[in-house]
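Sharing a structure here in structure tokens format.
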Amino acid sequence: MQNYLNLKNNPDYIKLKEPAKIIKHGGIVVFPTETVYGIGTNGLNEKAVKKLYAIKQRPLSKPISLLVNSIDMINEIAKDITKLEYALIKEFFPGPLTIILKKKEIVPDIVTATSDTVGVRMPANEIALKLIEYSEVPIATPSANISGRTSGTNIDDIMKDFDGKVDWCIDDGPSKIGLASTIVQVVNGIPNILRQGAITEEQIKYVCSKYKI
């Protein structure tokens, strides 16, 4: 049986230090974001990420995004970030946008399915941000569901799949948005939406015009 932490009515974020330590050392934790719940581990630990794939029954051909809590952490894992990519980060981070960036060698190939790019997101959820802060690593985080099933938005449904398979689960009530993040990749100076989520194509186009890019 995994450890359970209820923060729905008592946002005592200091209690997150223990699950954050577990993440840093390669354990698996289910936790909330503003979009859907995530299931995460140390994104720089190849062995931990491999375990995450196995628990989710996720094909190794499908990359996993990294959650960060600062621009400094983005710069630790990504390189050659363009003016437009920084503009999108400035406009939508923290929030329900995942941006595909060129990865640095510090990111294990298993995270990116051997691609030279990595998905990066800064969640707009204090619990998720504190977990990243306390763990001191980017957290490899797909949605908390068995691969191919609906993304988890409440802890009771999620733990039907993962009970006894993870180290910690953190309950923050139902997900606020309930829809996965928009995924965008800039190719030749043009933002391409790879998955439509809470942020729309019109919002992304507005950023391009706002910054005259």
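The values are calculated or read from the model by the stated rules, or taken from the named source; none is laboratory data. A quick note: this is a predicted structure, and the numbers were derived from the prediction, not measured. Using ideal geometry, Cβ is built from the backbone for each residue, glycine included, and neighbour counts are taken over all protein chains shown.
Look through region 162-195, keep the residues that are of a type in the set (S, T, N, Q) and closer than 23 Å to LYS103 by Cα, and return whichever of them is surrounded by the most Cβ atoms within 10 Å (Cβ to Cβ).
SER181
Has region 145-158 got at least one residue that is of a type in the set (S, T, N, Q), touching a residue at least 24 places away in the same chain (Cβ under 8 Å) and not in a loop (DSSP other than H, G, I, E, B)?
Within region 145-158, none of the residues are of a type in the set (S, T, N, Q), touching a residue at least 24 places away in the same chain (Cβ under 8 Å) and not in a loop (DSSP other than H, G, I, E, B).
Here is a follow-up. If the Cβ limit is 8 Å and pairs must be 6+ apart or interchain, which residue in region 120-138 that is in contact (Cβ under 8 Å) with a residue 12 or more places away in the chain and on the phi > 0 side of the Ramachandran plot pairs with which residue that is of a type in the set (Lys, Arg) and assigned to a helix (DSSP H, G or I)?
That search, which allows pairs on different chains as well, returns GLU136/LYS24.
Of all residues in region 65-92, how many are of a type in the set (Phe, Trp, Tyr) and either surrounded by fewer than 21 Cβ atoms within 10 Å (Cβ to Cβ) or touching an Asp or Glu at 6+ places or on another chain (Cβ under 8 Å) (or both)?
The qualifying residues number 1.
Let me ask something else. Identify all residues within region 45-88 that are assigned to a helix (DSSP H, G or I), free of Cβ contacts under 8 Å to residues at least 24 places away in the same chain and in contact with a helix residue (DSSP H, G or I) (Cβ under 8 Å, 6 or more places away or on another chain); write none if there are none. Break it down stepwise before answering.
Going residue by residue through region 45-88, those that are assigned to a helix (DSSP H, G or I) are 46-56, 71-77, 83-88.
From the residues that got through so far, the ones that are free of Cβ contacts under 8 Å to residues at least 24 places away in the same chain too are 47, 54, 71-72, 75, 86.
Within region 45-88, just ILE71 meets the criteria.
For region 171-193, give me the residue count where each residue is part of a strand (DSSP E or B), under 20 Å from LYS79 (Cβ atoms) and in contact (Cβ under 8 Å) with a residue 24 or more places away in the chain.
5
Sticking with this structure for a sec: Going by what's in this entry, would ALA20 be described as in contact with a Gly (Cβ under 6 Å, 6 or more places away or on another chain), assigned to a helix (DSSP H, G or I), at pLDDT 95 or above and surrounded by 19 or more Cβ atoms within 10 Å (Cβ to Cβ)?
no
Then there is this: Considering only residues that are more than 24 Å from LEU97 (Cβ to Cβ) and among the aliphatic types (A, V, I, L, M), look in region 2-35 and name the one that is nearest to the chain's Cα centre (by Cα).
Within region 2-35, the match that is nearest to the chain's Cα centre (by Cα) is ILE28.
Moving on to the next point. Take the residues of region 196-213 that are loosely packed, with under 11 Cβ neighbours inside 10 Å and outside any loop (DSSP other than H, G, I, E, B): which is nearest to the chain's Cα centre (by Cα)?
GLU202
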